[in-house]
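Here, each number is a calculation from the coordinates, and none is a lab measurement. The structure displayed is predicted, hence computed values, not measured ones. Here Cβ is always computed from backbone atoms with ideal geometry, including for glycine, and neighbour counts include all displayed protein chains.
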């Protein structure tokens, strides 16, 4: 492995995934091939999780008919954003993610006990790691040239009944995916400074 593999990203690359990236609300009418969505997952899945438990699951809503089924579950302010997005990703957590730990973390013993020390700990670990993987998904999407519009305003029960019925998945977040329209972005909203948000010990 060469030293270049560990070189810091240049400013253009950082701008693509962080400093210049923005949440998008309107979209170009350009489809996303399924191959691109598969590539997106294959990149995002490489981010670390506890004992490689990988509880994230994704349902990609691509067709017009499927979007029409999803829109009634959205809060009023999210309908327009989602209706024109080429794809809406339903980010979910597999409630039975621990069943795959022996396969994903083959260490010669059953690591599932790490996640079941107390009542509710398996769900807590699953949620923490699924949301961690959601962040990877957004970063991977941007790195692959896609724009993102995450949405938390939706009725999870409706989404789960309509799209995840029969699966042990529960929806956590929706992410509009596509190629953002060329409209002026509003000024970036304030972020906390390191003085307010960090401590060093």
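Separation of region 155-196 from region 43-111 is 11 Å, based on Cα centroids. The protection proxy used here, the mean number of other Cβ atoms lying within 10 Å of each residue, ranks peptides 54-66, 182-194 as follows, highest first: 54-66, 182-194. Comparing mean-square fluctuations of 164, 172, 137 from a GNM of the chain with C-alpha springs under 10 Å, the top value falls on 164. Inter-label distance, residue 103 to residue 152: 3.2 nm, where each label sits 7 Å from its Cα along the C-beta direction. Label-to-label distance for residue 39 and residue 161 is 3.9 nm, based on points extended 7 Å past Cα in the beta-carbon direction. Note that the chain carries a Kirkwood radius of 18.7 Å, evaluated over its alpha carbons pair by pair.
Modelled this way, with points 7 Å down the Cα-to-C-beta line, the labels at residue 71 and residue 189 are 2.5 nm from one another. The length gained by stretching the chain between residue 114 and residue 52 to full extension, at 0.36 nm per residue less their Cα-Cα distance, is 21.1 nm.
Comparing 110, 147, 160 in a Gaussian network model of the chain where C-alpha atoms under 10 Å apart are linked, the largest mean-square fluctuation is found at 110.
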